[in-house]
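The values are calculated or read from the model by the stated rules, or taken from the named source; none is laboratory data. Since the model is a prediction, treat every value here as computed from it, not as a measurement. Methodologically, a virtual Cβ is constructed for each residue, glycine included, from the backbone with ideal geometry; neighbour enumeration extends over all protein chains shown.
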Amino acid sequence: MNEFLTWLLDAVQSVDPLVRTLLAGFAIMLETSVLIGLVVPGDTIVIVAATAVASPVEGVLLAVAVVIGALIGESIGFWLGRFLGPKIQHSRLGRRIGEENWLRAERYLRRRGGPAIFISRFLPVLHSLVPLTVGMSGYPYRRFLAWTIPACVIWSTLYISVAAVAAGTYRELADQLHYAGYIFVAIIVVFLLLIFVSKKVIERAERKHFDDASHPADDTRGGLAADDVKD
């Protein structure tokens, strides 16, 4: 296990740091872009890139690239929603997403306003649809950024720090423990399981805001709250 893992990590680290950083940023840009994000494993690519971080500076630069990539991807979704939202929703690709998923995103934004933008970054499917839906709603772009930037920073910091620490710990123990590789794998697996469980917990807690049941906010807002649409 150690031999294979060392070879794999060395192979990743042999890639030029600038190339690794740009690839991670580009991957997360695709992952957060409308519809494309449903099939691009951006989080996996970020984890792989983070295992090659050799210094705090590299870690910070990778985090900056990932945050910028995420913001570009979400901004693309926002502006596509602003100008082409209905056409995308009713296109062949949009129909494959399913009408219910589009309605869930619309209901969630209508009922939760700004917090829906922040929380959706951690929810499957919705993280790709909400930026588009926000653009369609007329929500101010600056307010959109104010909610999504903190979410992107938290997400990138969490993924990069765990992967970098796990890889660094492995490299320190590889020559001392023959099962060091299993420790690395266990850390990554436990982290991914915690992420999965956390997403499920958040989704369950937020379900009442995007399910199809009647909701008091639907009767009082008829759209985003007044405070949410002010620029």
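If PRO56 passes every condition in (1) more than 16 Å from LEU132 (Cβ to Cβ); (2) in contact with a helix residue (DSSP H, G or I) (Cβ under 9 Å, 6 or more places away or on another chain) but one, which one does it miss?
The failed condition is (2).
I'd like the full set of residues that are assigned to a loop (DSSP other than H, G, I, E, B) and touching a residue at least 60 places away in the same chain (Cβ under 8 Å), limited to the range 128-176.
Passing the criteria: GLY138, TYR139, PRO140, ALA174.
Is one or more of the residues making up the range 8-24 touching a Lys or Arg at 6+ places or on another chain (Cβ under 8 Å) and either under 30 Å from LEU173 (Cα atoms) or surrounded by fewer than 18 Cβ atoms within 10 Å (Cβ to Cβ) (or both)?
yes
Quick check on my filter: what residues within the range 111-158 are closer than 18 Å to GLY69 by Cα and of a type in the set (D, E, K, R)?
ARG121, ARG142 - these are the residues of the range 111-158 that are closer than 18 Å to GLY69 by Cα and of a type in the set (D, E, K, R).
Consider ARG111 carefully, then state whether it is part of a helix (DSSP H, G or I), out of contact with any Lys or Arg (no Cβ under 7 Å at 6 or more places or on another chain) and modelled with pLDDT under 85.
So ARG111 does not fit the description; no.
Being within 12 Å of the chain's Cα centre (by Cα) and either of a type in the set (Val, Ile, Thr) or surrounded by fewer than 21 Cβ atoms within 10 Å (Cβ to Cβ) (or both) is the filter here; which residues of the range 90-120 pass it?
Those that are within 12 Å of the chain's Cα centre (by Cα) and either of a type in the set (Val, Ile, Thr) or surrounded by fewer than 21 Cβ atoms within 10 Å (Cβ to Cβ) (or both): ILE117, PHE118, ILE119.
Within the range 201-231, which residues are part of a helix (DSSP H, G or I) and either loosely packed, with under 12 Cβ neighbours inside 10 Å or at pLDDT 90 or above (or both)?
Hits for the range 201-231 are VAL201, ARG204, ALA205, LYS208, PRO216, ASP219, THR220, ALA226, ASP227.
Give the range 61-97 a look and list any residue that's free of Cβ contacts under 8 Å to residues at least 12 places away in the same chain and of a type in the set (S, T, N, Q), or say none.
Matches in the range 61-97: SER91 only.
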